[in-house]
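To keep things clear, I will list the structure first and then write my remarks on it.
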Amino acid sequence: MAVCLQVLGLVLGIVSWCLQSSSTSSLKWKVRSQAETVTSSSWQFEGLWMSCAATSLGSVQCSRFKTVLGLPAHLQACRALMIISLILGLASTVVTVLGLKCTKIGRTSEKVKEQIALSGGLLFILSGVFSLIAVSWYAARVINDFYDPFHSGMKFELGTGLFLGWAASGLAILGGSLLCCTCRRSSSTPPARQFSFYSNTSGGQSIYKAAPAFENSSSKAYV
């Protein structure tokens with residue numbers, strides 16, 4: 001059961017990493033609202049790296065942001081958070097593969113592999129949290145500018161890139177939680193108690209008594 005949950009957590013983490021990369025490269029983090037336009041023959045949308053304009057004829061023109069220091073602070077922060085989440089997601093995938101119970105690498109003990117899998121789960125959760133902060137921060141700015149009556153620029157609405165980021169964050173946190181739960185469940189299982197049998201030949205009584213931990217270990221050492 002623990003192996004299945006670990007594999008499921010790894011699969012969810014890989015899917016979340018793919019969605020994170022799609023969200024990071026998406027051009028539609030915000031789309032110009034059609035409520036303030038008379039005709040719907042043109043669309044404008046922006047991502048983390050460029051802004052684009054499309055027409056009803058199918059032509060799309062995109063221009064990269066030419067400066068980094070001149071960009072808004074929240075845009076620079078969202079870029080950094082998404083890149084960090086991608087790096088953490090890739091690292092957590094490698095670490096989790098090394099810590100799976102179904103993988104054999106050298107003479108690594110089960111306890112060490114549980115710790116490695118736990119580290120991979122925590123990295124998946126951190127990756128999901130970072131991407132969740134990025135997309136939520138960006139969405140909050142878009143909503144704030146949309147309802148701000150003193151905002152003189154164009155009004156935008158939420159794009160598909162944000163929804164991809166939210167889905168990726170949820171899957172990453174879920175996959176990391178599954179990995180952490182399986183490690184906690186396997187490490188919290190109490191060891192089975194062993195009993196020793198003592199026979200009193202004079203009284204004819206038989207006594208069962210719990211064997212101490214040091215007796216159990218010594219018996220294993222001399223068998």
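The values are calculated or read from the model by the stated rules, or taken from the named source; none is laboratory data. Values in this document were obtained by computation on a predicted structure and should not be read as measured data. Ligands, DNA and RNA are stripped out before the accessible areas are found, and what is left, the full protein with its side chains, is counted by its heavy atoms. Shrake-Rupley method; radii C 1.70, N 1.55, O 1.52, S 1.80 Å.
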With every protein chain in place, the accessible area of MET1 for a 1.4 Å probe, in Å² rounded to the nearest 10, comes to 140
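Just check the stretch 67-151 against the gyration tensor rule for me: Cα atoms, a ≥ b ≥ c as the square roots of the eigenvalues, rounded for a/c under 1.5, and otherwise prolate or oblate depending on whether a/b exceeds b/c. Walk me through the intermediate numbers first.
Details: a/c = 6.04, a/b = 3.19, b/c = 1.89.
Verdict is prolate for the stretch 67-151.
If DNA, RNA and ligands are ignored and the probe is 1.4 Å, what is the ranking of ILE83, ILE173 by accessible area, most exposed first?
Numbers: ILE83 75, ILE173 50 Å².
Final ranking, largest accessible area leading: ILE83, ILE173.
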Here, the stretch 55-98 modelled as identical Cα point scatterers in vacuum has Debye log10 I(q)/I(0) at q = 0.19, 0.29 Å⁻¹ of -0.74, -0.97
With every protein chain in place, the accessible area of HIS151 for a 1.4 Å probe, in Å² rounded to the nearest 10, comes to 60
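Where Rh is the Kirkwood radius over the Cα pairs of the stretch 1-82, the temperature 20 °C and the viscosity 1.002 mPa s, what D in µm²/s does Stokes-Einstein return? Display every interim value, and only then the final one.
Values: Rh = 15.5 Å.
Diffusion coefficient, whole number: 138 µm²/s.
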Note on the stretch 13-99: contact order normalised by length, alpha-carbon pairs under 8 Å, 6 or more apart, percent, works out to 27
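Compare CYS180, CYS62, CYS4 by solvent-accessible area with a 1.4 Å probe and give them largest first, with all protein chains kept in place.
Working: CYS180 25, CYS62 65, CYS4 90 Å².
Most to least solvent-accessible, the answer reads CYS4, CYS62, CYS180.
Sorted by accessible area (1.4 Å probe), largest first, how do THR160, THR182, THR55 line up?
THR160, THR55, THR182
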For ARG141 the rounded accessible area (nearest 10 Å², probe 1.4 Å, non-protein molecules ignored) is 90
